[in-house]
Ligand SMILES: *Cc1c(COP(=O)(O)O)cnc(C)c1O
């Protein structure tokens, strides 16, 4: 903008990263369903491969449609750069990849998405990496878990599914003391409700599958880098601060400054791991993001109405939602995500496991699916589905006890959602 105004969120969610298509003038970002890009000449090709010039080589690395999405998410999160990938779980591996090596560990919150707990407690061991799970409300436990081999702290802004909000500024402070980056999964909050980078996070990861796309059409992920971390300060991040053998000895931090992490993620991460987002998927997510603020405001408004109604219902034992004044995390939520505590919460049904299963089977508008962040309202009994591979202790810690049902409140009429819950609770507790 010529007058130096900074654009608002609602404007950026529609415009950031995009301009009329240079070839055709098309106003909407075209789907570049394309793989390879012609080099002007041999010098141009060499400059691209040396990262001296930015351009397109091959769509496993970058693609014009996917690039618009990466820039849009980076802008909304207040980051220097971003890399899109094939799913939220791919984004987590991509976030860790430049930082980790055999024998290295991450200190992570116990309150995480079920699939993330499995990825961190089991699968990453095959790379020689490990995760140390700690209660992030226990500051001493977090500090004590960090050792010389720790390379990052990892948490979710609003944790899924426990109605938990992480004290991001405090975790950022502990990470900074230890010279480590803080990685925040901002999937449940979205940049509309929470800005982890403004609160001190180094990297933000997303499952774009959820609210950013918003309609249950495609899987995708994204890693945003704040561009603020000094990768050279400690010698702990040689992929970024020393000659990278996987990229003909380029010193990424020296050559690319605040874009070091993003370029490494593309030039080495996407090149060799291949967890690439496809252009059609990026297109759906770009369409979704255009209405992110409108949808999130309605998601939150509906979630508060439904949660307040459930809390008063005698068939319900408790509601765990940081958007309710009864939550232990209400005060923290107002600081971390002042526009609302998201639209995902759990409630405990009188009658335990059996009643929960009956409730889920009796709902009509709510769909029983392993997903969240859809325009449609969704329900799941975590203990018998997404969290069934966890031990009872892990289930409890993650807010997925056997008597708990998780809902992802959509953008329908709140009264219709309440009526559906009312009839299903009647059947479940009859
Ligand atoms: C869904 C989800 C993931 C994993 O994302 P996928 O796109 O399913 O791979 C990670 N973290 C959170 C908080 C999620 O909700």
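The values are calculated or read from the model by the stated rules, or taken from the named source; none is laboratory data. None of the values given here were measured: they were computed from a predicted structure. A quick note on method: Cβ atoms are made from the backbone with ideal geometry, for glycine too, and the neighbour counts reach across all protein chains shown.
For this structure, a couple of remarks:
- Which numbered condition residue 80 fails, given (1) free of Cβ contacts under 8 Å to residues at least 12 places away in the same chain; (2) in the same structural domain as residue 123 (by TED's automatic domain parsing): (1)
- Residue check for residue 144: over 26 Å from residue 103 (Cα atoms), modelled with pLDDT of 95 or more, more than 16 Å from the ligand (Cβ to nearest atom) and in the same structural domain as residue 106 (by TED's automatic domain parsing): no
- Checklist (1) more than 18 Å from residue 77 (Cα to Cα); (2) under 18 Å from the mean Cα position of the chain (by Cα); (3) buried (at least 24 other Cβ atoms within 10 Å of the Cβ); (4) not assigned by TED's automatic domain parsing to the domain that holds residue 404 applied to residue 282, failing item: (1)
- One residue from 27, 40 being assigned by TED's automatic domain parsing to the domain that holds residue 208, in a loop (DSSP other than H, G, I, E, B) and farther than 25 Å from residue 293 by Cα: 40
- Residue in region 137-160 that is in contact (Cβ under 8 Å) with a residue 60 or more places away in the chain, under 24 Å from residue 329 (Cβ atoms) and over 17 Å from the mean Cα position of the chain (by Cα) present: no
- In a residue-by-residue description of region 353-375, the property of being outside any strand (DSSP E or B), out of contact with any strand residue (DSSP E or B) (no Cβ under 9 Å at 6 or more places or on another chain), in contact (Cβ under 8 Å) with a residue 40 or more places away in the chain and within 19 Å of residue 116 (Cβ to Cβ) applies to no position.
Yes or no, residue by residue, for (1) away from the ligand (no atom under 14 Å from the Cβ); (2) touching a strand residue (DSSP E or B) at 6+ places or on another chain (Cβ under 8 Å); (3) closer than 27 Å to residue 283 by Cβ; (4) modelled with pLDDT under 95:
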{"site": "49", "(1), (2), (3), (4)": "yes, no, no, yes"}
{"site": "54", "(1), (2), (3), (4)": "yes, no, yes, yes"}
{"site": "84", "(1), (2), (3), (4)": "no, yes, yes, no"}
{"site": "105", "(1), (2), (3), (4)": "yes, yes, no, no"}
{"site": "129", "(1), (2), (3), (4)": "yes, yes, no, no"}
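- Residue ID - farthest from the ligand (Cβ to nearest atom), chosen from residues in region 147-162 that are at pLDDT below 95 and touching a helix residue (DSSP H, G or I) at 6+ places or on another chain (Cβ under 9 Å): 162
- Residue in region 65-78 that is more than 16 Å from the ligand (Cβ to nearest atom), surrounded by fewer than 19 Cβ atoms within 10 Å (Cβ to Cβ) and within 26 Å of residue 293 (Cβ to Cβ) present: yes
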